[in-house]
Structure formats: structure tokens, C-alpha cells
Number of protein chains: 2
Amino acid sequence: MALTAVTPDFINRLRAVLPETAFREADAHYLEEPRGRWSGQAGVVVAPQTVEHVAEVIAAANTARVPVVPYGGGTGLVGGQICPDGPAPVLLSLARMNAIRAVYPDENLMIVEAGAILSDVHDAATACDRLYPLSIASKGSARIGGLLATNAGGVNVLRYGNARDLCLGLEAVLPDGQIWHGLKRLRKDNTGYDLRDLLIGAEGTLGVITAATLRLAPRPAGEGTALMVVDSPQAALKLLAMARDHLGEGVSAFELMHRMGLDFLAETLPDLRQPFETPPEWTVLIDVGLARGLDPADALEALFADALKAGLVSDGMIAQSEAHRHSFWELREQIPEANRRIGAVSSHDISVPLSAIPDFIDKGAQVIAALGNFRINCFGHLGDGNLHYNVFPAPGHSRNDHLEQRDAIKRALHDLVDEMGGSVSAEHGVGRLKVDDLERYGDPAKLAAMRAIKAALDPSGIMNPGAVLRA
Amino acid sequence: MALTAVTPDFINRLRAVLPETAFREADAHYLEEPRGRWSGQAGVVVAPQTVEHVAEVIAAANTARVPVVPYGGGTGLVGGQICPDGPAPVLLSLARMNAIRAVYPDENLMIVEAGAILSDVHDAATACDRLYPLSIASKGSARIGGLLATNAGGVNVLRYGNARDLCLGLEAVLPDGQIWHGLKRLRKDNTGYDLRDLLIGAEGTLGVITAATLRLAPRPAGEGTALMVVDSPQAALKLLAMARDHLGEGVSAFELMHRMGLDFLAETLPDLRQPFETPPEWTVLIDVGLARGLDPADALEALFADALKAGLVSDGMIAQSEAHRHSFWELREQIPEANRRIGAVSSHDISVPLSAIPDFIDKGAQVIAALGNFRINCFGHLGDGNLHYNVFPAPGHSRNDHLEQRDAIKRALHDLVDEMGGSVSAEHGVGRLKVDDLERYGDPAKLAAMRAIKAALDPSGIMNPGAVLRA
């Protein structure tokens, strides 16, 4: 049966079960997304403060067959938080469910509500001398519920895993309005199907996450950061292997930056201090966190010396202070902002098998060159085989000069990724942006299973319709 | 529609699509399980050698509505591999799909078939200087498919996670006979629902895993093992916190052993050398794997010295050789065999929040004492909050004297676990043994979702009927 838009009558039904404070104006920020591809619509915006109220909203929507679009920090890059067409939905903001419910330092875990902002979660972990390792550039506004719903990645996946790996349990409202109380504080629990990992990464299409038990890690005794200049992505991979050989799991992040990113930073954010006089072709940022008895700067020195001997690196800098570390990271974390200011024709969040990275970078450049005169900024989480591969107009041109080429660029690059056994969405999710890609490149048996699961758990199809799977 | 038993006609249909070599006699070992609770039945036993042949079997069974019971190493402890009643099934052995398909040391992963034996996987990892960290006592016969289907745990979960955490991708046959080709070599892949983690832990009820991409870890530069004597489980927890403070993720295993286990070893395996003259009330086995620059024995010495100063330990031994390490581990790994020889009235695989462990041990003893005169052997993976809590008759009595009390013991202990927010199946799974427990203690919303998923993916109900969910 078809979905129906929010009506005044439906809003009245919500008013009967929700306090007045739960209703929000449908401000512009709810209807925009960071890349400006879509404008959203909302029949009504509600921000409940309890899981019971979330359940009331979902149950009412399920009865009335009104779509529900969950909304976290609004930072998603694939349009999962935006409903551009179809019947106007309930926009369900989790912003007011933002409590840190409990912290258990002895158990290395905490229980937080879906609306908690990532940097607040970081602070709560730091306050008890622990680490919540998930970290992304938008940490000041991204919320835990959205990070889990999209299985966010970021800079520390190499060592600590992604959002899924860092979650032990969930509280969620399922599409029929039932509350699943799954906030266990257990490292091992083999009682039935993994509903947790099914909701994580389902981008709000199978229910709404309202709270989570998050894993914390012990804070390493010492941390250090280095920039090392490598000749090629191949040399970067060898450096990664050497770093792990030296430091084991002590390698927390291993990020690759191309010269283009540093050029863009120089052009758009000239106040940012650049570490090398001439931007190197390829730079690696290595972050380590080590146990007692090891000095991070010494360990990075030793690694650099060995890498120099092996001909893998030609230059490097090791941070000598926390401020210095921060300045290295600032460089890496401001690249997306520089990209935004330059204006990409097309942005890609891809992964390939680790050893295929150099080949992908070579072939990707050929694919793009065949399509026209473009600049490529390729950077990201080399240690995870995950690159952000962004295509820009030549100097003097703008993204608008190339709008008609965007689809061809996307197709050519995604075909290449697929041929290499990669993923066209490594860490950002599918949202509404990559529904076609999923149909094109997804395994047919898996897609059929996904559709069956969606129909089984959400037979009315109210949850975030049009995201992940075609509505 | 009801399931039907294997018929001669159905076997003929299998003969039309499978080579003769795929058929096996229904030997006794296929119809027994380690704890001797059930006898199984099999209409036919097949052991295909390719995923295509597995798909033929499942498709034929789906058409004929014949049950299929997947069979790995037969080491499962909850009866998931046994069909004691109902229509006689196809017993689908994965034993002949046992190839190590490929090893990628540079990517820290390997692709293996479901029938590969765990110790063979260990050897293949060692051969390329890597570690596949999953390790359990039955590693010489347990097969990867079964380990994944039950999301096995073991002694290294504290550091490396369980079977689910160590898997990057799957090849599987879904209940309609479709093959899911999901053997990606990717650390990050956010393209759709997590079918991988849904099949892992589903105990063969949602499909058959035929191959997996397994994560490998760098082999630590140095490893060490110590036994430390603690006064109480509370002191053991404080020692764990101190060990992590000293060594971070370097702590690979943290196992608790009660005096009863050492007594049982002395009684049943007298040739095993006991490290302490008088078996201590509580002993902790600590295993560490450290990066370059740290000496494991020195690190364990330093930990012991600090723990002694803090009053946490009263005695200890640090292994001085690989043989010595092995003898410490032998002690821990032979406890299940000693238990078997003594004969438990009731065995429990439970987890509780880490900080609740001492309270659980206290209250558990009270619960059991109220039911009669029993001995308790409580041991296991303290670092994961996972205890094997086994109840034995008093000296001079046998398990058969107490068979009528078994249900009451189980109920009382599981009620306690549930009250404490724990799990009645931490690492062994549900199988057929704990279907009632799952119904009693499981979250109703999660159970409803599980049933909906089962009906959606396996509408005929052919896959391992009666395991996990009531058939």
C-alpha cells in the first residue's frame, strides 16, 4: 500500500502523545545537506526526548503509513537524512536525546543516547582517561546515532575499527514501534541473530537507533605523529608494512595526502602553515599510540631511519609537541574544506584491496584523463584501503563547466573500483546518492536478501524510504 | 507447509547433480555430539566440494522442503549440528571444502573454505608470519564454517575479538539456493545491510557459509605468559586493569582458574605437572604479545612487582621458555577434559558485565548451595566477562544422581545471569540446547525481528530447523 504524506490530522495524533516541546520548526538546516545536491521536505519535525516518545512517533507513522526520516547531526554525505520527493515525512530529530547515560571506565564502555555529539562523547571518555576512538572531521556536529546508522569510519579504523566494531549494544525502535532493549554491557553474547550489526549501517531504513553501548579503549601511554614523504603509493604501502612490523597495533592512523591537497590548502586556506617548503607529491601522516616503556618520538625516529635506509622515504618531520601534532592533523583534516572551496566535479569514497591501491591510483588517473582535463585530489585512509578520490576542474574552470560529465566520471571510476574487487561506498554509506550504484554493483543474492529483510521488518516501508533501497 | 524427510527419490535427485564422491555413509560421528545429550538422524549425508554443488543441494532441498543440517567439525556444544527429531534431513558436511584458497600477507588476510580446520588455518597464517588469533581448545577438529556460524570466541577475544570480528567477507548459499559472492578483501565497505554479520552467529539457520575472508594480525615481536595467584575475583579484575594500564592492547589473554579446576586436573590427569605445590584458590593466566623494544618477561615482572606492591597477587610464575609457556596453557586448556572426566551435572557458558563478575561468583555459589551439595568449577575468559561455570556432584556421587536437579540448577543460574544483565550463551551459541532460554530471556522485540528475518530468508524453514528458533 502506498505511503501518505503528513497531514494536519496526523500531526494532531502526534500532539496527543508528545509534549509540545518535542515539536520543532522545519528550519532550513533540516532540509539541506552538506554537498547541496538535494533539498528536503518535512511534513513535521519532531525531536522527542525519550525512547518511549520515539516509539509513539514510529507507531503512529506505521499505522498511518507516513514516512519517517531519522535525523542526527545532518552531516551525512550521501543524502540519507534528506527526503527530496514523495509524501512529506516526519523528520525525526534525535538531537534532544543527547545524554551520556552512564560511563563504566572499569569495563571500558559507556552508554550514550543517539543524539550525543561525537566530540562530547570524546570528552566524556577523556574525562575518565579512556578513548572513544571513532573520529571524523565533522566530530563537532555529527551525532552518535547517525554515525552508527551509517557505520562511520574515519581516521582510526586501522587500529580500532569502524562504528560497528566499536558498539556492543543498541536500544532502538523497530518499524512497528516496538522498542528493542539491547544495551548490554557484554563483550560476548551469542544469543541469536546479530540485530545490532543489522541496524548499524542500515541508515535508518530498518528502525531508529536511540542509544548505544560504546566500546572505549585504554588511552595509550604515549602518542606521536609524523609526516613522511614517499615517492609513490607503492612506497607508502611498504612503509605501512614496516610501521606495523616495528609497532604492531601501535599504528593508530596511516593517512595518505597527495600534493594536490596541499596545493588546495595553500590556495584556499593560506593561513594554515605548510610543513614542507615545496609540497611533496605524496605525504603520509602516521599516528602512533604506544604502551608504557616506548617513546613515540623515538619509535618514529627509528622507523624513519629504517625507511630511509630502505629507500622508502626522502624527507620527514616528527611532531615535537602536542601543538605540533595538532598542526599535522589540521593539515589532513582541512583537506575536505579546501576541496569544498575549490568545488569538486565529482567526489568518491572508495575502497580497494590494500595491495591494489597503487594500481587503482594509476588507472584512475588514466580513466579521468580520457574524459577531459581535470585535477585529482586523492587522499585518505591508506591503511584501510580507503581513498577519497575527488575530481576537480582544471584551473580557471568551475564545477559547473563539467556538470554533464559527472555521471560519466562516476561510472568510469566506479567500474574500475568494481573490477578491482572494491567498494563504491567505503565509509559514507549508500543514502540516496548511491542507490543506483548498489543496484549496479551489488551482489544479486545479497540485494535480494536485503529486500526480503526490509519487507519483513518494515512491511509498510515507512522507514527512510528511498534510502539504501529504491522505495 | 510442513517439511518432509529425505526420500529415495530425493536422494536420486541429488545423485543427478552431485558426483558420487560427494555421498557419505551416515557414520555414527555425524550423529553424535560432544556432550552426549542427543542422537542425531540423517536421511543422507553429502559432502560437496564446490559452492556450486552446495547450492544444488540447498536448491533441491528447498524445492522438496527437506531439512538441511550443516555440519562442520562436529565440536559444537549446543547441539546445532544434530537433528534429533522431525523429518530426517540432509546432513551437509563441509569437510571436503577445506582449501586455503589464498593468503595475502601484505593485506593481513586470507580466504579459506568453510571446511578448513582451525589448526590448519593457524599453520597457514604462521607460514607467512601472521596470526589468525581465534583459538579454542578444539582447534584440531573445529572447522572455520562452524566457528563462524556459531561466532566462536575462545582465549584471545580480549585482544582480537571473536569470529565475527575476525571476518571481512563471506561466500554463502542462501536458503533458496542462491550463492552470495561476498569474499571481499576490504576493511571498509558500507554498501548495504550487514548480511555477513547476520549469517555469522545464525548457526546455519539462514544459509550455509562456504568460504570466508579472514583477518590476520601481525605476529607480536615477543610473547610471554605468566600465572599469578590472586586472593579473589575482585583482585583478578584489578590486576586486569593494571595489566592494561601497563601494556595496553598487549594483553592477549586473561584467564581465570579456580582451585577446583586444578584439583580436577590432579585427579583425572595426574601426569600434568602442576605449577604450584598447593593449588591456589584463584589463579590468573596472563598472555602478552608485545611490539619491538619491549621484553615480555620483563614486562610481566614489572607488572607482578606492581601488583605485589598493591596487594593484588601473592605468588606467581613467569614462563622462561616456549615449552614453559606451553605448559601453562596446557593447564588451562585441559580443564574442559578434566571436567568431562569428572562429569558435570550442568555446564554454563555465561557472560556478565565485567565489574559484576565477583558478585556473580558469590551469588552463584549461594544459588547452588541452596539446591544441594555440589562442587563448582568456575573458570574462563575473565577479560571478556565470560565464565564457564560448571556444577559437579560432591565427591562419591555421580552426575546421574542429580539428573532431576539439572533443570532447577540451570534455571536458577540463568535467572541470576539475566538479573545481572548477562547472557546465557556467551560464546557457544543457542543451538538446540538453549532455544527455551532464548524464548525466556530474549528481548521480545528482538525475537520478533529474528522470526521475521528467518521467515523472510527461509520461508520453507529448511535450514537447520529447530536450532536457535523453535521450528
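The values are calculated or read from the model by the stated rules, or taken from the named source; none is laboratory data. Note that this is a predicted model, so its numbers are computed, not measured. Backbone-built Cβ (ideal geometry, glycine too); neighbour counts: all protein chains shown. In case anyone asks, the SASA skips ligands and DNA or RNA and just uses the protein heavy atoms, side chains included. Shrake-Rupley method; radii C 1.70, N 1.55, O 1.52, S 1.80 Å.
Taking only protein heavy atoms and a 1.4 Å probe, the accessible area of the stretch B:167-240 is 43% carbon and sulfur. Of all lysines in the structure, the ones whose alpha carbon falls short of 27 Å from that of B:Lys139, not counting any fewer than 8 places away in one chain, are A:Lys188, B:Lys184, B:Lys434. Using heavy atoms of the protein chains and a probe of 1.4 Å, the accessible area assigned to B:Glu107 is about 10 Å².
Please work out whether the stretch B:1-104 counts as rounded, prolate or oblate from its C-alpha gyration tensor, where a ≥ b ≥ c are the square roots of the eigenvalues and a/c under 1.5 means rounded, while otherwise a/b larger than b/c means prolate and anything else oblate?
Details: a/c = 1.78, a/b = 1.02, b/c = 1.74.
Oblate is the answer for the stretch B:1-104, as a/c is 1.5 or above yet b/c matches or exceeds a/b.
Within the stretch A:332-363, the residues that become at least 30 Å² less accessible when every protein chain is included than when their own chain is isolated (1.4 Å probe; DNA, RNA and ligands ignored) are A:Pro353, A:Leu354, A:Ser355.
Per residue, the average separation of C-alpha pairs within less than 8 Å and at least 6 apart gives chain B a relative contact order of 16 percent. Each of B:Ser252, B:Val6, B:Pro358 was scored by the projection of its Cα onto the charge dipole of chain B, and the greatest displacement toward the positive side belongs to B:Val6; charges sit on the C-beta of Lys, Arg, Asp and Glu. With contributions of -39500 (n - 2.57) from each DSSP H run of at least four residues, the per-residue ellipticity at 222 nm computed over chain A stands at -10000 deg cm²/dmol.
Each pair of Cα atoms in chain B enters the Kirkwood radius, and Stokes-Einstein at 4 °C and 1.567 mPa s then converts it into a translational diffusion coefficient of 56 µm²/s. Per residue, how many Å² of accessible area does the stretch A:263-356 show with a 1.4 Å probe? Per-residue accessible area for the stretch A:263-356 comes out at 45 Å². Average 1/r across all pairs of distinct alpha carbons in the protein assembly as shown, invert it, and you get the Kirkwood radius: 29.0 Å. Take the Cα of A:Glu322, go 7 Å toward its beta carbon, and the backbone nitrogen atoms of the stretch A:220-262 under 20 Å from that spot belong to A:220-227, A:252-253.
No solvent, one uniform scatterer per C-alpha: report log10 I(q)/I(0) for the stretch A:294-364 via the Debye equation at q = 0.21 1/Å, two decimals. Once normalised to I(0) and log-transformed, intensities are -1.08.
For the stretch A:367-388, a reduction of at least 40 Å² in accessible area between the chain on its own and the assembled protein chains (probe 1.4 Å) is found at A:Asp384. For the pair B:Ser119 and B:Ser141 in one chain, pulling the backbone fully straight at 0.36 nm per residue adds 7.1 nm over the alpha carbon distance. Summing charges over neighbours of B:Val112, with a neighbour being any other residue whose Cβ is under 10 Å away from its Cβ, gives 0 when K and R count +1 and D and E count -1. Note on the stretch A:38-143: with neighbouring protein chains present and a 1.4 Å probe, carbon and sulfur make up 47 percent of its accessible heavy-atom surface. Computed with every protein chain present, the accessible area of A:Thr50 is close to 50 Å² [probe 1.4 Å].
With all protein chains present and a 1.4 Å probe, how do A:Thr205, B:Thr4 order by accessible area, largest first?
Largest to smallest exposure gives the sequence B:Thr4, A:Thr205.
Solvent-accessible surface (1.4 Å probe) assigned to B:His181 amounts to roughly 110 Å².
Carbon-plus-sulfur fraction of the accessible area of the stretch B:251-410, 1.4 Å probe, in percent? Provide the component values of the computation, followed by the final result.
Working: 3220 of 6540 Å².
C and S atoms contribute 49 percent here.
Summed over both chains, the contact between B and A buries some 6500 Å² of accessible surface at a probe radius of 1.4 Å. I'd like the distance between the alpha-carbon centres of the stretch A:229-267 and the stretch A:316-377, rounded to an integer number of Å. Here the two parts' Cα centres lie 11 Å apart.
Along each principal axis, taking the top coordinate minus the bottom one, the Cα set of the stretch A:323-394 gives 43, 31, 15 Å in descending order.
By the Cα gyration tensor, the stretch A:222-419 has an equivalent ellipsoid whose semi-axes, rounded to whole angstrom, run 31, 19, 13 from largest to smallest. Annotation: per residue accessible area for the stretch A:100-218 equals 25 Å², rounded to a whole number [probe 1.4 Å, protein chains only].
Once the convex hull of the C-alpha atoms of the stretch A:163-304 is built, how many Å³ does it hold per residue, rounded to a whole number? Working shown, then result.
On the way: hull volume 26.7 nm³, N = 142.
Convex hull volume per residue, Cα atoms: 188 Å³.
Here r is the Cβ-Cβ distance between B:Cys128 and A:Arg273 and R0 is 35 Å; the resulting FRET efficiency, rounded to 0.05, is 0.25.
Can you work out D for the stretch B:343-429 in µm² s⁻¹ from Stokes-Einstein, where Rh is the Kirkwood radius over C-alpha pairs, the temperature is 25 °C and the viscosity is 0.890 mPa s? Please report the intermediate quantities before stating the final value.
On the way: Rh = 12.9 Å.
Using the Kirkwood radius from Cα pairs, D works out to 190 µm²/s.
Its Kirkwood hydrodynamic radius, worked out from the mean inverse distance over all distinct Cα pairs, puts the stretch A:235-297 at 13.4 Å.
Using the per-residue mean of other Cβ atoms lying within 10 Å as a proxy for protection, in what order, highest first, do the peptides B:451-464, A:381-394 fall?
Working: B:451-464: 20.4, A:381-394: 23.7.
Order by mean packing, descending: A:381-394, B:451-464.
Our summary gives the stretch B:168-271 a relative contact order of 24 percent, counting only alpha carbon pairs under 8 angstrom and 6 or more residues apart.
May I ask you to derive the relative contact order of the stretch B:8-95, considering only C-alpha pairs under 8 Å and at least 6 residues apart, and to give it as an integer percent? Write down the numbers at each step before the final one.
Working: 141 pairs, mean separation 31.9, N = 88.
Relative contact order, the stretch B:8-95: 36 percent.
The residues of the stretch B:103-133 occluded by other protein chains by 40 Å² or more of accessible area, set against the chain on its own, are B:Glu107; surface from heavy atoms, 1.4 Å probe. P(r) for the stretch B:44-109, from all Cα pairs and a bin width of 10 Å, is 19, 41, 27, 10, 3 %, short bins first.
Pairwise inverse Cα distances across the stretch B:100-218, averaged and inverted, put the Kirkwood hydrodynamic radius at 14.0 Å.
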